[in-house]
Amino acid sequence: MESKLLNEISNFEEKYYQDNNKNTFFKKSQKMDLAKQVSNNFDINILLKNLCYRNKTTNQVVIDYNILKLFANEENFELILKYILNEFTNTINTFGNFEVHMNLNSFTISAAERYKKLVELFCKLCLNNKETYDYSKKCSRFYIYNVSNTFEQIVNLFKPFVSPDIKEKVSILKKSESSDNLWNSLIEGNNIK
């Protein structure tokens, strides 16, 4: 994401917490309210383009949780998923399949709870949907980068929703295995604005 936009969102968040006193406990509703405020005050199309994009010369689709958490809330979950599905579909139409590269840096157990509905919808629409594309068959690989030490606990929350076809295609790279160079090589040259 452009550093200018990230700085603007960071300043917006700072002001939000100055005006609303950052909660020490019961953060979920406050974080969701902040995400709603960000999505209402910034161009949603630019946020989506930075959240999920495809490498135009390969079948790689990149999804970045660090962008998602800035604006995802229950009011825009379906819009976000529609956008991601569109990126998958466009990649399938060009290359015949797609591979996902997802950055889960800073994704915690509390984030998993906050976005459980989104993950369930993603699995239902993207990975278990046989009505349009059978995305689970068209997905050649699913790489997950920068996972925390508690990721096994998080996986157990979502296992029931994931297609067996996808489970065998997933490669999980812990933070120690996900060098900045590896992740940066994926996002270079995608001309995101």
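The values are calculated or read from the model by the stated rules, or taken from the named source; none is laboratory data. The structure presented is a predicted model; accordingly, all values stated were derived computationally and were not measured. Every residue, glycine among them, receives a Cβ derived from its backbone with ideal geometry; neighbour counts consider all protein chains shown. With ligands, DNA and RNA removed, areas are computed over all heavy atoms of the protein, side chains included. Shrake-Rupley method; radii C 1.70, N 1.55, O 1.52, S 1.80 Å.
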Can you give the angle from 0 to 90° between the axis of helix 77-95 and the longest principal axis of the chain, with both taken from C-alpha atoms, to the nearest 10? 30 degrees
What do you get for the angle between helix 3-20 and the principal long axis of the chain? Use alpha-carbon atoms, 0 to 90 degrees, nearest ten. 50 degrees
Candidate values (i) 33.3, 122; (ii) 16.5, 49; (iii) 24.1, 93, label of the one derived for Rg and Dmax of the Cα atoms in Å: (ii)
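Counting other Cβ atoms within 10 Å, keep those with at most 14, restrict to DSSP loop, and tell me which GluC sites (Glu not before Pro) in the stretch 38-85 are left.
On the way: sites: 74, 75, 78; in loops: 74, 75.
Passing both the DSSP loop test and the Cβ count: 74, 75.
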Roughly speaking, what is the stretch gain from residue 6 to residue 21, that is 0.36 nm per residue apart minus the C-alpha to C-alpha distance, in nm to one decimal? 3.3 nm
Selected from 24, 61, 79, residue furthest toward positive end of dipole (the stretch 1-84; charges at beta carbon): 61
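Heavy-atom accessible area per residue, the chain, 1.4 Å probe: how many Å²? Please list the in-between numbers first.
Details: 10640 Å² over 193 residues.
I get 55 Å² per residue for the chain.
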Would you pull out the residues with amide H under 5 Å of residue 102's amide H, same chain only if 5 or more places away, H placed 1.01 Å from N? 63, 143, 144, 145
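With charges only on Cβ, +1 for K and R and -1 for D and E, what is the dipole size of the chain about its Cα centre, in debye, rounded to 20? Don't skip to the answer; put the middle values down first.
Details: 26 positive and 23 negative charges, 59 e Å.
Computed about the Cα centre, the dipole is about 280 debye.
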Given the -39500 (n - 2.57) contribution per DSSP H run of 4+ residues, what per-residue ellipticity at 222 nm results for the chain, rounded to the nearest 500 deg cm²/dmol? -15500 deg cm²/dmol
Ignoring ligands, DNA and RNA, what percent of the 1.4 Å accessible area of the chain is carbon and sulfur? 48 percent
With a cap of 14 neighbouring Cβ atoms within 10 Å, and only residues DSSP puts in a loop, list the trypsin sites (Lys or Arg not before Pro) found in the stretch 49-80. 56
